[in-house]
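The values are calculated or read from the model by the stated rules, or taken from the named source; none is laboratory data. Predicted model, so just to flag it, every value in this text is computed and none were measured. In this analysis, Cβ positions are derived from the backbone assuming ideal geometry, glycine residues included, and neighbour counts consider all displayed protein chains.
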Amino acid sequence: MKLNSIKYTNCFNNKKFNKEYKKILDNLIPKVFNDSDLKKSKFLNQVNDKNNFQQIEKIVKKFKKNFNKFCVLGTGGSSFGSQALIGINQKYKKDKIIFLYDIDPIYFQNTLDSLNFNKTAFIVISKSGKTPETLAQFGAIINKFEELKLKSQIKKNFLIITEDNKNPLKILSDKLKIKTLIHNEEIGGRFSVFSNVGLLPSALVGIDVKSFLYGGKKVLDDFYLNKNLKPIESAVIMVLMQKYFNININVLFTYSEALKNFGIWYRQLWAESLGKKGNGITPFHSMGTVDQHSQLQLFLDGPKDKFFTIIKSNHLNKGPTISSNFFFKSEMNYLSGKRIGDLMEAEQNATIQTLINNNLPVKEILINKINEESLGSLIMYCFLEVICIGKIFKVNIFDQPAVEEGKKIAKKYLI
């Protein structure tokens, strides 16, 4: 993905909008590029951390030798980043890695019942070391090891990723003598995909994490070294769309099954980073072509409160060929001899054109080939875009103070 492969339609049709767009852009550019703390920040510069990669390589080699299944315990940013990365490889064996990011008791019990604990490695991830869902899962699995009289294997079968302080998870890992990787205290969960949090689970199933890091580095270097303004421009457009046209929903429309998990990661990035002090633009993920049959009617004929971010790819001449004779003398004959990808390409382009024809604001992001490198580039672009929106909103994109109340209330129900 290149930052220049982004274009906007139906976004600059208002003189007042255009005038303020230039004013905010001119003000924001020096603020972003002159922010030395941001430029040196750990979460952006993870793409340059070679030591992190080398440590992961050693662990992956050892784990692959001893185990044939991997189970990741973690929720939110501790899970969604690696799921987004692994999701681009649609050929990976889905039974090789399991993400337990929810605490649905039935699903959790059924998953445990299906595991061979002797051949399963567990990776427990919590930045704070205090995530109740993750620690509850950890405790339940430790209990299972004890029931199966496998307590002696706990040290071998587990790996912890958490901050290097006396948090509950770190205390437990030290007590059980489980190897711990340090979760950098300066990197929030939803920004941790380029760190050991995202890279380790992905590398275990054969994802090329080097290419992923390289893709992120390319966009970061293009932004700072070449002063590529695309993320800043996008941020200003989104904020002014809300101000002038009451656009409060950002619909991410992805035309690839490989980006399904990316959509989940993207929702968290936008919602938790920007939804503060009365500010925010609600992220909404739709998948083509499925949601053309469930949501497109609303998008076209419902409230005009949505901005459409379309991630499109090249699907032509891909997939199985449709029989040339199957639709003979049928109104569906236009499908004869075509490949499944040809239909996907046509519907992708048709949806974009229909949105544009209905005067709806559209941003198109073209990714010719969805792979580790292009996903790394896309995620870094999203980071930069959210940073810039946060500067306009004047909010701290790295915290999520409003959710603390729910955690306290949940604790009261258990006491």
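In region 286-342, what residues are more than 30 Å from Leu240 (Cα to Cα) and among the acidic types (Asp, Glu)? Selection gives Glu331, Asp342. Listed by first and then second residue, the pairs with beta-carbon distance under 6 Å, at least 6 apart or on different chains, first residue in region 337-361 and farther than 28 Å from Val239 by Cβ and in the same structural domain as Ser323 (by TED's automatic domain parsing), second in a helix (DSSP H, G or I) and charged (D, E, K, R), form an empty list. Evaluation of Lys304 against the conditions (1) assigned to a loop (DSSP other than H, G, I, E, B); (2) free of Cβ contacts under 8 Å to residues at least 24 places away in the same chain shows that the sole unmet condition is (2). In the condition set (1) under 21 Å from the mean Cα position of the chain (by Cα); (2) farther than 14 Å from Ser256 by Cβ, Leu375 is compliant with all but (2).
Selection of region 202-229 for residues being assigned to a loop (DSSP other than H, G, I, E, B) and either in contact (Cβ under 8 Å) with a residue 24 or more places away in the chain or buried (at least 22 other Cβ atoms within 10 Å of the Cβ) (or both) yields Val205, Gly206, Ile207, Asp208, Lys227, Asn228, Leu229.
Yes or no, residue by residue, for (1) part of a loop (DSSP other than H, G, I, E, B); (2) modelled with pLDDT of 95 or more; (3) of a type in the set (Phe, Trp, Tyr); (4) buried (at least 24 other Cβ atoms within 10 Å of the Cβ):
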site	(1), (2), (3), (4)
Ala84	no, yes, no, yes
Lys93	yes, no, no, no
Phe99	no, yes, yes, no
Gln109	no, yes, no, no
Leu112	no, yes, no, no
Val124	no, yes, no, yes
Glu133	no, yes, no, no
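All conditions but one from (1) assigned by TED's automatic domain parsing to the domain that holds Asp305; (2) over 17 Å from the mean Cα position of the chain (by Cα); (3) under 22 Å from Ile397 (Cβ atoms); (4) not hydrophobic (A, V, I, L, M, F, W, C) apply to Glu185; the one that does not is (1). The residues of region 315-336 that are in contact (Cβ under 8 Å) with a residue 12 or more places away in the chain and surrounded by 15 or more Cβ atoms within 10 Å (Cβ to Cβ), listed by number, are His315, Ile322, Leu335, Ser336. The residues in region 230-262 that are over 18 Å from Gly275 (Cβ atoms) and not in a helix (DSSP H, G or I) can be counted, and the count is 4.
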